[in-house]
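Data block below; observations after.
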Amino acid sequence: MHLPALTPAMRRTLLWGLVLVALLTAALLAAELVRRVTGAASRIGTPAPPVVTQETVVEQLREVARLVSSEMTLRDVVTYRQTRFGSTKQTLLVVTARVTAGIDLDRGTQIRIDSAAKRIHVTLPPAQVFGVDIVNVRTYDERAGLLNPFRPSDRDAIQQRVRSQLVVAAQQSGILEHADRNAARILHGLLARGGYTVDVARRVTLERPAG
């Protein structure tokens, strides 16, 4: 088949058409290259979202396995009286002590993580008194009976009564409730990161120990 010869006008039109196709192709290639480079750069510059697992939360809690979260200084009057063979001995003490209370996280802390909702649910054991540190003791009106003198066993019983009475006084003053609130605040600060929220509840099935 014999093709007709191209006129100058047809040659110019064809040439410009080829140039336009080449420019359009180059533009598309450049856009694709920019998209890929930009995507790679954004992936490099943006850190991966944090992944919170049961193991990571447990490891963080181990670092603060015993949260000493409340402290109270108390002064109380303690009396001791004991009668034997009709003879009575007694003493009156004014005791100043520092009582500490908090949460022992090893006593059955429960953790549940909802990764989809980015929520961490922590159930804590009840607060308990950790220690009673006697700061000062003043003895008043100590009287021994004629047939009932003070013995070392009496001193031990007095010490035990002092500590038990101070634990009760601290509990009545709200030290355990204060410890619960402080422990919840500490755990919020420790775990509420990377967009996660923390719900802290207290398990109420266990009895609070007396010290």
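Would you mind stating whether ARG185 is of a type in the set (Lys, Arg), surrounded by 14 or more Cβ atoms within 10 Å (Cβ to Cβ) and more than 19 Å from THR79 (Cα to Cα)? Here the answer is no, as ARG185 does not meet what is asked. Looking only at residues in segment 156-180 that are of a type in the set (D, E, K, R) and out of contact with any strand residue (DSSP E or B) (no Cβ under 8 Å at 6 or more places or on another chain), the one that is nearest to VAL122 (Cα to Cα) is GLU177. Among the residues making up segment 120-155, those that are touching a strand residue (DSSP E or B) at 6+ places or on another chain (Cβ under 7 Å) and hydroxyl-bearing (Ser, Thr, Tyr) are THR123, THR139, TYR140. I'd like to check something: does segment 191-201 contain any residue that is part of a helix (DSSP H, G or I), within 25 Å of ASP104 (Cβ to Cβ) and assigned by TED's automatic domain parsing to the domain that holds LEU105? Looking for residues that are part of a helix (DSSP H, G or I), within 25 Å of ASP104 (Cβ to Cβ) and assigned by TED's automatic domain parsing to the domain that holds LEU105, one finds at least one in segment 191-201, hence yes. One residue stands out among those in segment 86-100 that are among the small types (Gly, Ala, Ser) and surrounded by 12 or more Cβ atoms within 10 Å (Cβ to Cβ): the one that is modelled with the lowest pLDDT, which is SER87.
The test for being surrounded by fewer than 10 Cβ atoms within 10 Å (Cβ to Cβ), out of contact with any strand residue (DSSP E or B) (no Cβ under 7 Å at 6 or more places or on another chain), among the acidic types (Asp, Glu) and at pLDDT 55 or above holds for GLU63. Would segment 104-121 turn up any residue that is within 30 Å of SER69 (Cα to Cα), over 30 Å from the mean Cα position of the chain (by Cα) and surrounded by fewer than 19 Cβ atoms within 10 Å (Cβ to Cβ)? Looking for residues that are within 30 Å of SER69 (Cα to Cα), over 30 Å from the mean Cα position of the chain (by Cα) and surrounded by fewer than 19 Cβ atoms within 10 Å (Cβ to Cβ), one finds none in segment 104-121, hence no. Per the listing LEU146, LEU166, the residue uniquely in contact (Cβ under 8 Å) with a residue 12 or more places away in the chain, loosely packed, with under 12 Cβ neighbours inside 10 Å and either more than 39 Å from the chain's Cα centre (by Cα) or under 30 Å from ASP106 (Cα atoms) (or both) is LEU146. If I filter segment 71-85 down to residues being more than 40 Å from the chain's Cα centre (by Cα) and surrounded by 17 or more Cβ atoms within 10 Å (Cβ to Cβ), which single residue comes out as modelled with the highest pLDDT? Within segment 71-85, the match that is modelled with the highest pLDDT is TYR80.
The values are calculated or read from the model by the stated rules, or taken from the named source; none is laboratory data. A quick note: this is a predicted structure, and the numbers were derived from the prediction, not measured. Virtual Cβ from ideal backbone geometry, glycine too; neighbours counted across all protein chains shown.
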